[in-house]
């Protein structure tokens with residue numbers, strides 16, 4: 001059928017379908033949004049060191065509690081949280097006739113706290129560690145040598161950074177300035193006396 005000249009044709013648009021959902025126009029420049037609950041085991045990431053906007057804190061800037069041990073791990077002192085620290089063990093021994101007791105304290109320690117622990121446990125061993133035969137000739141000398149070796153590890157550390165630690169273990173007086181440490185002279189003098197008696201009677 002031909003349309004006469006000078007007339008226009010109009011087409012009626014189809015009626016909208018009420019059950020059809022409109023398609024939103026996609027923004028080609030939109031950035032995909034990350035799922036915040038896929039960061040830490042289904043929970044959103046809490047602000048903290050290394051989070052966006054906070055900056056990454058290098059290890060030397062402050063202590064990190066719970067840092068893993070191992071090569072390159074950053075340790076903080078178990079007593080004050082100061083750094084640097086080294087994983088070390090100090091021991092104490094007590095002998096009483098046929099009874100003996102052993103103590104040890106292990107963990108990362110800074111130079112100040114480690115020195116305080118070494119002095120306290122060494123002094124305890126010097127005045128309580130001689131009073132049984134096995135303690136006199138075996139366990140007490142071993143404990144004293146062990147603590148000297150462990151002391152060398154903490155004395156190589158730099159002092160903890162100011163403002164980066166809590167209350168520290170008081171190092172106190174050096175071992176040679178503590179009166180209880182000289183109780184060790186009693187068994188030493190007794191051994192010397194017994195040796196001298198044996199030489200004179202032979």
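Observations
- Matching residues, the stretch 69-94, being touching a strand residue (DSSP E or B) at 6+ places or on another chain (Cβ under 7 Å), over 19 Å from residue 158 (Cβ atoms) and modelled with pLDDT under 90: 69
- Within the stretch 136-148, the residues that satisfy the criterion of being modelled with pLDDT of 90 or more and either in a loop (DSSP other than H, G, I, E, B) or over 21 Å from the mean Cα position of the chain (by Cα) (or both) are 139, 140, 141, 142, 143, 144, 145, 146, 148.
- Leading residue by the ranking (modelled with the highest pLDDT) among those in the stretch 160-200 that are assigned to a loop (DSSP other than H, G, I, E, B) and farther than 25 Å from residue 92 by Cβ: 161
- Of all the numbered requirements in (1) modelled with pLDDT under 90; (2) surrounded by 11 or more Cβ atoms within 10 Å (Cβ to Cβ), residue 115 misses one, and that requirement is (1).
- Any hit, the stretch 122-145, residues being more than 23 Å from residue 189 (Cβ to Cβ) and buried (at least 17 other Cβ atoms within 10 Å of the Cβ): no
- Of all residues in the stretch 160-169 being in contact (Cβ under 8 Å) with a residue 40 or more places away in the chain and surrounded by fewer than 12 Cβ atoms within 10 Å (Cβ to Cβ), the one that is farthest from the chain's Cα centre (by Cα): 167
- Just one of the numbered conditions (1) under 32 Å from the mean Cα position of the chain (by Cα); (2) over 17 Å from residue 83 (Cα atoms) is not true of residue 112: (2).
The values are calculated or read from the model by the stated rules, or taken from the named source; none is laboratory data. Given the structure is predicted, the values throughout are model-derived calculations rather than measurements. Every residue, glycine as well, gets a Cβ built from its backbone with ideal geometry; the counts of neighbours run over all protein chains shown.
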